[in-house]
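For reference, the structure discussed in these notes is given below.
No lab work stands behind these numbers, since they all come straight from the coordinates. Quantities reported herein were computed from a predicted structural model and do not represent experimental measurements. Reconstructed Cβ throughout: ideal geometry from the backbone, glycine too, with neighbour counts over all protein chains shown.
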Amino acid sequence: MRRFISAAVGTLSTLGCMLALPGTATAASSIAFGMLRSTAALNAGCALDARAHVTVNSLGAVEVMTVEASGLPPNQEFDLFVTQIPNAPFGMAWYQGDMESNSNGRAVGTFIGRFSRETFLVAPAPGGAPAPVVHHNPPFADAATNPATAPIHTFHVGLWFGTPEAAVAAGCPNTQTPFNGDHTAGIQVLSTRNFGNTTGPLRSLAP
């Protein structure tokens with residue numbers, strides 16, 4: 001498993017912060033929003049105290065996203081993704097990095113990238129370009145080619161248990177999912193399901 005090292009970000013200029021609310025369409029240069037227990041955690045009745053607060057600041061060329069999570073099982077690893085929709089099957093998803101909880105179940109991660117209304121994935125037709133196969137083991141071996149897709153925006157944020165064992169530590173099922181660097185993650189623990197499928201919070205941020 002890869003260790004996530006929070007990026008050193010330097011002093012940011014003071015920015016007005018807009019609270020991203022479900023259904024909000026107006027773009028801002030700085031947003032804040034909450035993450036809730038995922039649908040998977042709700043259905044399993046686990047990770048009862050898990051929650052997160054997210055802030056995203058635009059620096060123009062890139063954005064800086066800080067995720068502050070609490071109520072997690074202590075001393076465990078978690079994996080952060082931006083996703084097309086908040087709940088399974090999640091649509092397109094992009095791995096951002098790792099977070100680790102301390103002895104109090106608190107985890108903080110800072111990520112630098114494109115986390116605004118311009119965040120998207122694209123694979124021009126016809127698809128089928130060769131892709132490196134690094135992980136061979138089922139059930140989530142790497143694909144050897146890519147599917148074609150027009151641009152798809154990924155405005156949601158999700159956090160996964162780094163292993164099924166970490167999920168068990170929170171009273172969740174030991175289901176394996178592909179949402180970490182080795183494709184051996186546990187279930188999703190936090191999501192932005194408090195926003196609509198096509199109105200994820202990152203849509204509110206101007207680049």
Contour minus Cα-Cα distance for residue 131 and residue 174 (0.36 nm per residue): 12.5 nm
For residue 177, distant residues with modelled amide H under 5 Å away: 185, 186
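Under the rule of -39500 (n - 2.57) per DSSP H run of 4 or more residues, summed and divided by the residues of the chain, what mean residue ellipticity at 222 nm is obtained, to the nearest 500 deg cm²/dmol?
Values: 2 runs with 12 residues, N = 207.
Estimated from H runs of four or more residues: -1500 deg cm²/dmol.
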The stretch 31-81 versus the stretch 115-146: alpha-carbon centroid distance in Å: 25
Fluctuation leader among 135, 53, 183 - the chain, Gaussian network, Cα springs under 10 angstrom: 135
Environment charge of residue 202, counting only residues whose C-beta is closer than 12 Å and scoring Lys/Arg +1, Asp/Glu -1: +1
